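The values are calculated or read from the model by the stated rules, or taken from the named source; none is laboratory data. All of these numbers come straight from a predicted model, not from anything done at the bench. Cβ atoms come from the backbone with ideal geometry, glycine included; neighbour counts cover every protein chain shown.
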Ligand SMILES: Cc1cc2nc3c(=O)[nH]c(=O)nc-3n(C[C@H](O)[C@H](O)[C@H](O)COP(=O)(O)OP(=O)(O)OC[C@H]3O[C@@H](n4cnc5c(N)ncnc54)[C@H](O)[C@@H]3O)c2cc1C
Ligand code: SF4
Ligand code: FES
Ligand code: FES
């Protein structure tokens, strides 16, 4: 049971949901799978007066468009994503990133849109506030921050933990957003503000409608890794997503996108490290250097008991391996052809 | 077995009660119908009531456990339309018209299901608190994938925590239930 009262409406269309959210300005929330929102309401981190359920809206099946890009409905369940033959074939990195979210039940309930729009996390936030950490922190509208008491007022260093967002950013994907005045399309990367207090660049009455991923060009290869302690049902210590474009020799990098997730208020792209790979032959030394540079610039926020030092080493090691795996994947594909 | 009837849940009107969809109004109580293990139940619920509370407190099927109540442990796993979901973070109002299966629906009368028998045989039950959730996740897996590998089983049971068994006996039990060669029955 949730400890406060709220009302519930079920929308038949996404347009209807947007209209309901607009009418209630600020006091209403969209409910997709509920796996992020309902635990948050149970802890009373969020206290909406109305939930607008999207569960009555049937998601469209993933489809490949005329230009080769793939369009995926934001209401698609993560289990559908990880098991879809089409998604696994056309965007295997997306299927892989959905496969590592939570446990099976979370993937059966959770949706793509909800995953991208999930709340940032902090140990001091994600618990009931009746025993310890009672006074609200900045994130809950209060006047303190427990783990970082010396922070300037209203700086919240909570961490955004989506496993899927880094993969989508590496893939240069866009989101289609439905608002009161129609739809707009932005890069997935532009969805994140980098501000823990308001992590998403969405207004109250805007909803994600779909994710669009451009077609992969010849020479494309990828690597994805979620670094965890147990290897199951766990938020990442870091999520590494890498998309590389290789020249015909299979070694020279012509484009690189690197994304590190689960270490800051939003996913981070180490642009300088990406550039250091472009036009170069990808050998071990160069990948090692790019990983070390990334680890330095990302400046991970200590979270879930991990120190900054530890998280930096973790990013360096796992990014190097993820880059190496991407290269190996390209070689295996070449050999298999 | 169980009475089917209208039961009012949550009629509390404390100062805790918040503004509803229309400013100043309280949330509406809704009448929902659920088919649990083949039997329809009509229940009146406030939106804030979870499926696990309806199953346990209203319908009276206490096999489904409520433990962490925040989506982490899997003890509350039930099947909605055949999919394993967490009843502790599912609003009851979201389940109107749905087919739900709980651990009580696995046995046919006195005859345990193959998965239940295998759990007994392998000693995959100690305190038993995780068992109903484990059984539901395992049942859903075997219905979708009758011959899973150990890796498939690990992945399917990833969302079910057990503090007692160390998991090996549970994974063995699921393998045994799937009728595969690579696990020896312990007692049979
Ligand atoms: C035990 C546990 C483990 C988890 N592990 C992971 C993990 O490993 N990795 C990970 O990434 N996440 C994890 N999560 C978080 C979450 O469950 C998933 O990210 C899930 O995909 C969220 O989707 P949902 O549909 O359930 O979202 P909901 O809870 O329904 O919604 C989340 C937020 O997004 C908003 N929203 C929903 N749909 C839309 C839309 N279409 N447009 C705009 N806003 C929308 C909601 O209003 C809400 O604010 C975990 C959660 C739990 C409880
Ligand atoms: S980091 Fe953010 S969520 Fe955590 S205690 Fe500080 S203000 Fe609150
Ligand atoms: S009680 Fe539902 S997941 Fe723990
Ligand atoms: S048997 Fe005790 S928790 Fe699993």
Somewhere in the range A:174-195, is a residue part of a loop (DSSP other than H, G, I, E, B), surrounded by 21 or more Cβ atoms within 10 Å (Cβ to Cβ), at pLDDT 95 or above and outside the structural domain of residue A:31 (by TED's automatic domain parsing)? no
With the requirement that a residue be surrounded by 14 or more Cβ atoms within 10 Å (Cβ to Cβ) and free of Cβ contacts under 8 Å to residues at least 40 places away in the same chain, what does the range B:100-112 give you? B:106, B:112
Can you pull out every residue in the range B:110-152 that is farther than 25 Å from residue B:99 by Cβ and within 14 Å of another protein chain (Cβ to nearest Cβ)? B:150, B:151
Within the range A:126-165, take every residue that is under 19 Å from the mean Cα position of the chain (by Cα) and in a loop (DSSP other than H, G, I, E, B) and give me the one that is farthest from residue A:190 (Cα to Cα). A:126
Tell me which of these residue B:161 doesn't satisfy, since it passes every other one: (1) closer than 22 Å to residue A:100 by Cα; (2) in contact with a helix residue (DSSP H, G or I) (Cβ under 7 Å, 6 or more places away or on another chain); (3) buried (at least 17 other Cβ atoms within 10 Å of the Cβ). (2)
Which of the residues spanning the range B:128-142 are over 13 Å from residue B:167 (Cα atoms) and within 6 Å of ligand 4 (Cβ to nearest atom)? B:129
So the strands (runs of 3 or more DSSP E) completely within the range A:1-96 holding 3 or more residues that are touching a helix residue (DSSP H, G or I) at 6+ places or on another chain (Cβ under 7 Å) are A:28-31
Determine whether residue B:48 is within 16 Å of ligand 1 (Cβ to nearest atom), at the interface with chain A (Cβ under 7 Å from one of its Cβ atoms) and assigned to a loop (DSSP other than H, G, I, E, B). yes
On the basis of being outside the structural domain of residue A:265 (by TED's automatic domain parsing) and at pLDDT 95 or above, does residue A:103 make the cut? yes
Looking only at the range B:71-96, and only at residues there that are assigned to a loop (DSSP other than H, G, I, E, B) and closer than 14 Å to residue B:45 by Cβ, the one that is nearest to the other protein chains (Cβ to nearest Cβ): B:90
Note: among A:9, A:15, just one is in contact with a strand residue (DSSP E or B) (Cβ under 8 Å, 6 or more places away or on another chain), farther than 23 Å from residue A:95 by Cβ, within 12 Å of chain B (Cβ to nearest Cβ) and modelled with pLDDT of 95 or more, namely A:9
Those residues of the range B:97-109 which are away from ligand 4 (no atom under 16 Å from the Cβ) and more than 13 Å from every other protein chain (Cβ to nearest Cβ) amount to B:99, B:100, B:101, B:102, B:104, B:105, B:106, B:107, B:108, B:109
Does the range B:71-86 contain any residue that is within 14 Å of ligand 3 (Cβ to nearest atom), in contact (Cβ under 8 Å) with a residue 40 or more places away in the chain and out of contact with any helix residue (DSSP H, G or I) (no Cβ under 8 Å at 6 or more places or on another chain)? yes
Entirely in the range B:111-188, the helices (runs of 4 or more DSSP H) that have 2 or more residues that are at pLDDT 95 or above and within 16 Å of ligand 1 (Cβ to nearest atom): B:131-144, B:150-156
Taking residue B:68, is it within 10 Å of another protein chain (Cβ to nearest Cβ), under 23 Å from residue A:6 (Cα atoms) and part of a loop (DSSP other than H, G, I, E, B)? yes
Would you confirm whether any residue within the range B:24-40 is more than 8 Å from every other protein chain (Cβ to nearest Cβ) and modelled with pLDDT under 95? yes
Say we look at the range B:51-65 and pick out the residues that are touching a helix residue (DSSP H, G or I) at 6+ places or on another chain (Cβ under 8 Å) and at the interface with chain A (Cβ under 10 Å from one of its Cβ atoms); which of these is surrounded by the fewest Cβ atoms within 10 Å (Cβ to Cβ)? B:53
Single residue of A:103, A:26 found to be out of contact with any strand residue (DSSP E or B) (no Cβ under 8 Å at 6 or more places or on another chain) and within 16 Å of ligand 4 (Cβ to nearest atom): A:103
Got at least one residue in the range A:154-165 being more than 16 Å from ligand 3 (Cβ to nearest atom), touching a residue at least 40 places away in the same chain (Cβ under 8 Å), touching a helix residue (DSSP H, G or I) at 6+ places or on another chain (Cβ under 8 Å) and within 14 Å of chain B (Cβ to nearest Cβ)? yes
If I filter the range A:111-124 down to residues being over 10 Å from the mean Cα position of the chain (by Cα) and under 16 Å from residue A:262 (Cβ atoms), which single residue comes out as nearest to ligand 4 (Cβ to nearest atom)? A:123
Scan of the range A:301-320 for residues that are modelled with pLDDT of 95 or more and in contact with a strand residue (DSSP E or B) (Cβ under 7 Å, 6 or more places away or on another chain), ordered by number: A:301, A:311, A:314, A:315, A:318, A:319
Among the residues of the range A:91-100, are any at pLDDT 95 or above and within 12 Å of chain B (Cβ to nearest Cβ)? yes
